[in-house]
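The values are calculated or read from the model by the stated rules, or taken from the named source; none is laboratory data. Quick caveat, the model's predicted, so the values are computed rather than measured. So basically every Cβ, Gly included, is an ideal-geometry build from the backbone, and we count neighbours across all protein chains shown.
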Amino acid sequence: MDLSAISPTLLVASLMVAATPILLAAIGELVVEKSGVLNLGVEGMMITGAFSGFAAAVLTGSPMVGFLCAAIGGAALSVIFAILTQYFLSNQVATGLALTLFGLGLSAMLGQSYVGIKPPVSAKLDLPLISDIPVIGPILFSHDFTVYAALTLVTGVWFFLKYTRGGLILRAVGESHDAAHALGYKVVRVRILAIMFGGGCAGLGGAALSLVRVPQWTEGMTAGAGWIALAIVVFASWKPARVLLGAYLFGGVAVLQLNLQAAGVSIPVEYLSMSPYLITIIVLVVMSTNRAKSALNAPAALGRVFHASR
Amino acid sequence: MKLKSILASAALAMTAATGTLAETTKVGFVYVGPVGDGGWTYEHDKGREAVVAAFGDKVETMYVESVPEGPDAERVMTDMALKGADLIFTTSFGYMDQTINVAAKFPNVKFEHATGYKQSDNVSIYSARFYEGRAVQGHIAGHMTKSNIVGYIGSFPIPEVIRGINAAYIHAKAVNPDVQFKIIWAYTWFDPTKEADAAKVLIEQGADVVLQHTDSTAPQAAAQSAGNVITFGQASDMAAYGPKPRVSSIIDNWGPYYIARTQAVMDGTWASTSTWDGIGAGMVGIGEITSAVPADVKASAEALRDSLADGSYHAFTGPLNKQDGSVWLKAGEIAADYAGPEGLAEMGFYLEGIDSEVPN
């Protein structure tokens, strides 16, 4: 065992990269749930984004076009969910699950000819001098676009929800759609926009996986990241800053277990491999024991169907 | 119920009849990954294509990709046998017991299981001596590493993989006594995400050579973006990542074997055999050693390759001790293929000097 081989700086830097796909998907889902909609299709939107981003980047040779198409792909899939739940008033849980299955199947089918292909390399930030500062350089100034995009989005969402009129309307719709409707706000329109934003973020998260973290395309490559993103939203009790914390915690455990293995720690690796999921479950259990508190934080109209006639 | 069974037997009789009329031999392949993995399964599928090219209309092949190593494999094999396959290749270690089980139910169907060690009347086993290629990789790795840390991504702790780690280690140590191996078990044959993460962690912990026994090209991509790291293609050439990070590779060449076995089924001469061929027989190829490797290292690596090929040198030649210090091979002694836990086929222990434990 040689724990000194693990560099804390590199550990932090790589956990930021590992956490980015989940962070992007989770911050999008947070906005969706804040508007009172429960979209369980995050996994499906992520994998759709992973594929459409990868395909677009390979075809055009530009990672930025890839990221853009990933966001569009994820948002496009979420429009199906939006139409079904907002106009046809279908059950959100069932529709979300169906969206996940549909996204996984569709991307697997379309992606068959993309397996094993090398995507264009997405550039990393490399500022002269600044990126070379010990500790701070590798952690803050040497990542790729998605890491900064995710952090910007978290800050943006936090600001939007807390300080803007639009954020207030979104929260009002999520707390009581009837009251918001009575005040003249377009509940359905707000929710559709929120759903599309969530889809775009999930798609971007998928592309962070297929274009940066791996970078490769394989069917089912999100491997449950969408579900973890959903859990993180609950874990964060619908607060953007805590979403960041949750995602980094998860990413940290995932990276740490590999580091411990490489350093020769003699803990059976099966335990290390399951630890990120185990911690997610434990955190969710701890969160839900205090029922009064967690219920206070959840948007009151979460998952409830809205119809203007009632 | 009755009608159904009559129909079923009629259908069976008809497929049997058309089968004999057209005189096509049906060959099935069970793959552990997707054919586009660029590694292990890709090469098996090239073997299948070689069979099609060699026999044309006389042969009909079928394959199923990404079959999990578990009960589901048994279902896939049974399905192939029911569809009239005459010969079925099951191409991963984890299909061993399933192949034996299904073969017992279909005594007239011939089975060929890759990399395992259980044989029966209608189950042949075949494998390639990948460890010979690992010896060459270890030799290059030992010469090339500057940090003296070599990273190794293992799939599952099975004899084939452990053999590879040992072969690479002793040949790296022979040319560089300070070399150290860091090993991560990914517990998958094919999962680009896990493989990429494992490669990154190894590189972060100082490895400037990464060897992989998993099938995707993700570790190659991770090494490329990290910069000064070299890798080796696994199962397939992975030449797209040359001349650096990929400096050489182990290439599996199954085509000739698959053609020979299919021919044997057609001729009616098929018998249960155990085949274990290496560089010499052409089942293991060493991919081109690129310009990133200095000329003298390239020359000595090729000399090692040639001595393994002509049989003048065996990759496991004593004196070699096990990890706990006990003697495994005396000076000049050569490892036996089949000698229970002491033999190569069931090797489950590390050799002396590897600072890690085999997970159980």
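Among the residues of the range A:219-242, those that are assigned to a helix (DSSP H, G or I) and more than 17 Å from residue A:40 (Cβ to Cβ) comprise A:240, A:241, A:242.
Counting only residues that are surrounded by fewer than 13 Cβ atoms within 10 Å (Cβ to Cβ) and small (Gly, Ala, Ser), the range B:304-347 holds 8 of them. Within the span defined as the range B:185-197, one or more residues are facing chain A (nearest Cβ under 10 Å), polar (S, T, N, Q), assigned to a helix (DSSP H, G or I) and over 24 Å from residue B:276 (Cβ atoms).
To keep it simple, each residue is scored yes or no on (1) of a type in the set (Val, Ile, Thr); (2) over 25 Å from residue A:193 (Cα atoms).
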{"site": "A:57", "(1), (2)": "no, yes"}
{"site": "A:69", "(1), (2)": "no, no"}
{"site": "A:73", "(1), (2)": "no, no"}
{"site": "A:79", "(1), (2)": "yes, no"}
{"site": "A:85", "(1), (2)": "yes, no"}
{"site": "A:107", "(1), (2)": "no, no"}
{"site": "A:131", "(1), (2)": "no, yes"}
{"site": "A:135", "(1), (2)": "yes, yes"}
{"site": "A:138", "(1), (2)": "no, yes"}
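Residues that are of a type in the set (Asp, Glu) and touching a residue at least 60 places away in the same chain (Cβ under 8 Å) within the range B:201-227 comprise B:208, B:215, listed in sequence order.
Residues that are outside any helix (DSSP H, G or I) and either crowded, with 23+ Cβ neighbours inside 10 Å or facing chain A (nearest Cβ under 9 Å) (or both) within the range B:200-228 comprise B:205, B:206, B:207, B:209, B:210, B:211, B:212, B:213, B:214, B:215, B:216, B:217, listed in sequence order. Just to be sure before I move on: is residue A:139 within 14 Å of chain B (Cβ to nearest Cβ), part of a helix (DSSP H, G or I) and more than 30 Å from residue B:36 (Cα to Cα) in the structure I sent? The answer is yes for residue A:139.
Out of the residues in the range B:238-254 meeting the condition of being away from chain A (no Cβ under 14 Å) and not charged (D, E, K, R), tell me which one is farthest from residue B:287 (Cα to Cα). Looking at the filtered set, the residue picked out is B:254.
Of A:257, A:216, A:261, all but one fail to be part of a loop (DSSP other than H, G, I, E, B), among the polar types (S, T, N, Q), within 13 Å of chain B (Cβ to nearest Cβ) and under 27 Å from residue A:7 (Cβ atoms); the exception is A:216. The listed residues are A:61, A:28, A:53, and the only one of them that is on the phi > 0 side of the Ramachandran plot and either touching a residue at least 12 places away in the same chain (Cβ under 8 Å) or surrounded by fewer than 24 Cβ atoms within 10 Å (Cβ to Cβ) (or both) turns out to be A:61.
Residues in the range A:1-30 that are more than 8 Å from chain B (Cβ to nearest Cβ) and in contact with a Pro (Cβ under 9 Å, 6 or more places away or on another chain) were compared, and the one that is farthest from residue A:235 (Cα to Cα) is A:9. A Cβ distance below 7 Å, combined with a sequence gap of six or more or placement on separate chains, defines the contacts here; from the range B:346-358, residues that are more than 14 Å from every other protein chain (Cβ to nearest Cβ) reach residues that are buried (at least 16 other Cβ atoms within 10 Å of the Cβ) and assigned to a loop (DSSP other than H, G, I, E, B) in the pairs B:346/B:117; B:348/B:358; B:349/B:323; B:349/B:358; B:351/B:323; B:352/B:323. Between A:273, A:288, the distinction of being modelled with pLDDT under 80 and facing another protein chain (nearest Cβ under 10 Å) belongs to A:273 only.
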